[in-house]
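The values are calculated or read from the model by the stated rules, or taken from the named source; none is laboratory data. Note that the structure is predicted; figures quoted are calculated from it, not measured. We place every Cβ from the backbone using ideal geometry, glycine too, and count neighbours over all the protein chains shown.
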Amino acid sequence: MHIVDTGTLAQGDAGTARACITFGTITPLQDGTLLATGRAGDDKDSDREQIEMYRSSDGGHSWGQPTTPFSKAIVDGKFGTLKLCYLTQLSPGHILAAAMWVDRTTYPGMPLFNADTEGCLPMAILLAESHDSATSWSPWRKVSMPDDIGPPSLTNPILSLADGSLAMSIETNKHYSDASTWHQRAVFLRSTDNGVSWSGPKPVAQDKTGRIFNWDLRCGVNPNGTVASFAWTYDRRTEEYQNVFRRVSVDHAETWSAPQDLGFADQAGPPAILPDGRVVLAWVDRFGDQCIRARITPAIDGDFDPASEVVIYTHASPKDSKSKDTGDLLAGMEMWGFGLPFATTLPDGDVLVTYYAGDNHAMSLQFARLSV
């Protein structure tokens with residue numbers, strides 16, 4: 001596996017409402033178009049943020065100008081912003097958009113994470129549909145969540161499972177002023193009617209003692225229907241990140257294998273799964289060499305070959321501290337200058353990885369094309 005091309009998908013513009021562009025995603029459509037999304041704002045967390053979309057008709061070699069198809073959404077009578085947007089193609093031309101909405105009304109002017117309590121602002125998951133390849137969209141609709149989920153984080157595009165159902169990956173959070181012990185977990189919600197209604201949550205990754213956090217669960221489905229999840233793992237007691245842990249399901253996400261230590265750290269991105277079942281995983285090595293790496297495995301439950309590893313990006317700034325309390329880590333996420341890799345299999349067999357990188361003044365969506 002090697003890098004054959006690199007470039008900029010969306011350029012951040014310092015001092016403007018598009019200074020920081022993060023949360024990049026790419027979705028191949030059945031007509032050959034690539035549809036990308038990103039979150040643009042004057043800072044990494046801002047009440048001016050909005051979702052942008054970009055199109056490529058040449059396999060990702062060039063990208064059109066950004067559009068802003070979604071206005072700032074009002075949910076339950078409150079003003080909020082869209083932090084991220086994932087797309088899932090359900091059938092030709094029919095696309096389901098899943099967005100994470102952040103309430104900017106209840107705690108005006110406050111940051112997304114509360115470093116004192118480990119809580120976060122109120123959030124909601126919104127869905128919209130397009131039947132014309134993302135040219136127009138339905139109004140947003142809110143996904144109902146049980147109270148014990150807290151503010152829900154959306155950690156992955158909605159998965160199309162082999163049994164015809166959909167799966168939504170949700171991470172639980174504490175309410176903003178809640179100072180109690182945080183028992184974080186990652187769960188799936190299931191839909192059998194193309195996202196019209198959703199089941200209650202089923203656990204995927206959790207530590208009932210509250211010591212281990214399984215953050216930013218990234219997931220994929222291979223051609224035979226096997227599902228894998230990759231967790232960004234943090235040990236609250238030692239105040240250190242652990243390696244990425246993988247869990248595998250062979251029964252359409254009903255049950256999961258024991259977590260497997262993959263031998264590298266720390267934050268994985270959504271995997272690219274090739275038609276022959278091979279998997280390319282990109283991840284952020286923030287506390288080692290401060291870079292973004294990728295490896296390939298011949299099977300969704302196989303070993304990632306160290307010899308296949310490529311370094312996609314290396315950051316030039318000083319390293320982040322490896323040991324911080326949880327509140328400081330959550331608040332510090334808004335300052336990190338690179339991350340959130342997202343890998344996508346392209347129609348020609350290459351893999352495109354997008355990620356954000358920059359400094360405190362401007363961050364852009366970058367990409368690397370991998371030949372596998």
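Mind listing whichever residues of region 68-80 are in contact with a Phe, Trp or Tyr (Cβ under 8 Å, 6 or more places away or on another chain) and in a strand (DSSP E or B)? Spell out how you get there, then give the answer.
Of the residues in region 68-80, the ones in contact with a Phe, Trp or Tyr (Cβ under 8 Å, 6 or more places away or on another chain) are 69-70, 72-73, 75, 80.
Within region 68-80, Val75, Gly80 qualify.
With Asp116, Asp163, Asp193 as the choices, which residue is of a type in the set (Asp, Glu), in contact with a His (Cβ under 8 Å, 6 or more places away or on another chain) and farther than 27 Å from Thr68 by Cβ? Show your work before the answer.
Working: Asp116 fails: in contact with a His (Cβ under 8 Å, 6 or more places away or on another chain); Asp193 fails: in contact with a His (Cβ under 8 Å, 6 or more places away or on another chain).
The conditions single out Asp163.
Among the residues of region 281-291 satisfying the criterion of being in contact with a Ser or Thr (Cβ under 8 Å, 6 or more places away or on another chain) and surrounded by 17 or more Cβ atoms within 10 Å (Cβ to Cβ), which is farthest from Gly24 (Cα to Cα)?
Only one residue tops the list, namely Gln290.
Of all residues in region 86-121 being assigned to a loop (DSSP other than H, G, I, E, B), touching a strand residue (DSSP E or B) at 6+ places or on another chain (Cβ under 7 Å) and among the aliphatic types (A, V, I, L, M), which is surrounded by the fewest Cβ atoms within 10 Å (Cβ to Cβ)?
Leu112
Results for (1) modelled with pLDDT of 95 or more; (2) over 24 Å from Val311 (Cβ atoms); (3) crowded, with 21+ Cβ neighbours inside 10 Å; (4) hydroxyl-bearing (Ser, Thr, Tyr), shown as yes or no for each residue.
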| residue | (1), (2), (3), (4) |
| --- | --- |
| Asn222 | yes, yes, yes, no |
| Asp235 | no, yes, no, no |
| Glu240 | no, no, no, no |
| Glu254 | yes, yes, no, no |
| Ala265 | no, no, yes, no |
| Pro270 | yes, no, yes, no |
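Quick check on my filter: what residues within region 1-24 are touching a residue at least 60 places away in the same chain (Cβ under 8 Å), surrounded by fewer than 22 Cβ atoms within 10 Å (Cβ to Cβ) and hydroxyl-bearing (Ser, Thr, Tyr)?
Those that are touching a residue at least 60 places away in the same chain (Cβ under 8 Å), surrounded by fewer than 22 Cβ atoms within 10 Å (Cβ to Cβ) and hydroxyl-bearing (Ser, Thr, Tyr): Thr6, Thr8.
Quick one: how many residues across region 288-336 are of a type in the set (Gly, Ala, Ser) and at pLDDT below 90?
Of the residues in region 288-336, the ones of a type in the set (Gly, Ala, Ser) are 288, 294, 299, 302, 307-308, 316-317, 321, 323, 327, 331-332.
Still in the list and also at pLDDT below 90: 288, 316-317, 321, 323, 327, 331-332.
Of the residues in that region, 8 qualify.
Pick from Thr25, Thr33, Thr16: which is farther than 18 Å from Pro347 by Cα and not small (Gly, Ala, Ser)? Write out each step before concluding.
On the way: Thr25 fails: farther than 18 Å from Pro347 by Cα; Thr33 fails: farther than 18 Å from Pro347 by Cα.
Answer to the selection: Thr16.
Does any residue of region 11-19 turn out to be out of contact with any Phe, Trp or Tyr (no Cβ under 6 Å at 6 or more places or on another chain) and under 18 Å from Trp137 (Cβ atoms)? Working first, answer last.
Initially, region 11-19 is screened for residues out of contact with any Phe, Trp or Tyr (no Cβ under 6 Å at 6 or more places or on another chain), giving 11-19.
Right, trim to under 18 Å from Trp137 (Cβ atoms) and you get none.
No, there is no match, as no residue in region 11-19 is out of contact with any Phe, Trp or Tyr (no Cβ under 6 Å at 6 or more places or on another chain) and under 18 Å from Trp137 (Cβ atoms).
Residues Ser191, Ser199: which one is at pLDDT 95 or above and over 21 Å from the mean Cα position of the chain (by Cα)?
Answer to the selection: Ser199.
How many of the residues making up region 137-178 are touching a strand residue (DSSP E or B) at 6+ places or on another chain (Cβ under 8 Å), more than 24 Å from Lys72 (Cβ to Cβ), of a type in the set (S, T, N, Q) and part of a loop (DSSP other than H, G, I, E, B)?
Residues flagged as touching a strand residue (DSSP E or B) at 6+ places or on another chain (Cβ under 8 Å), more than 24 Å from Lys72 (Cβ to Cβ), of a type in the set (S, T, N, Q) and part of a loop (DSSP other than H, G, I, E, B) within region 137-178 amount to 2.
Output the residues belonging to region 43-55 that are without any contact (Cβ under 8 Å) to a residue 40 or more places away in the chain, in a loop (DSSP other than H, G, I, E, B) and either polar (S, T, N, Q) or out of contact with any strand residue (DSSP E or B) (no Cβ under 7 Å at 6 or more places or on another chain) (or both).
Passing the criteria: only Ser46.
Condition first: modelled with pLDDT of 95 or more and closer than 30 Å to Asp348 by Cα. Can you find one or more residues in region 70-83 that meet it?
no
With respect to the numbered conditions (1) part of a loop (DSSP other than H, G, I, E, B); (2) under 25 Å from Ala368 (Cβ atoms); (3) of a type in the set (Lys, Arg), which one is the sole condition not fulfilled by Lys83?
Here Lys83 clears every test but (1).
Just give me the residues in region 180-237 being hydroxyl-bearing (Ser, Thr, Tyr), free of Cβ contacts under 8 Å to residues at least 40 places away in the same chain and closer than 21 Å to Leu262 by Cα, in sequence order.
Selection gives Thr233 alone.
Condition test on Val187, is it on the phi < 0 side of the Ramachandran plot, part of a loop (DSSP other than H, G, I, E, B) and not hydroxyl-bearing (Ser, Thr, Tyr)?
When the stated conditions are applied, Val187 does not pass them.
In this structure, is Ala134 within 22 Å of Thr22 (Cα to Cα) and part of a strand (DSSP E or B)?
Taking the combined requirement at face value, the residue does not satisfy it.
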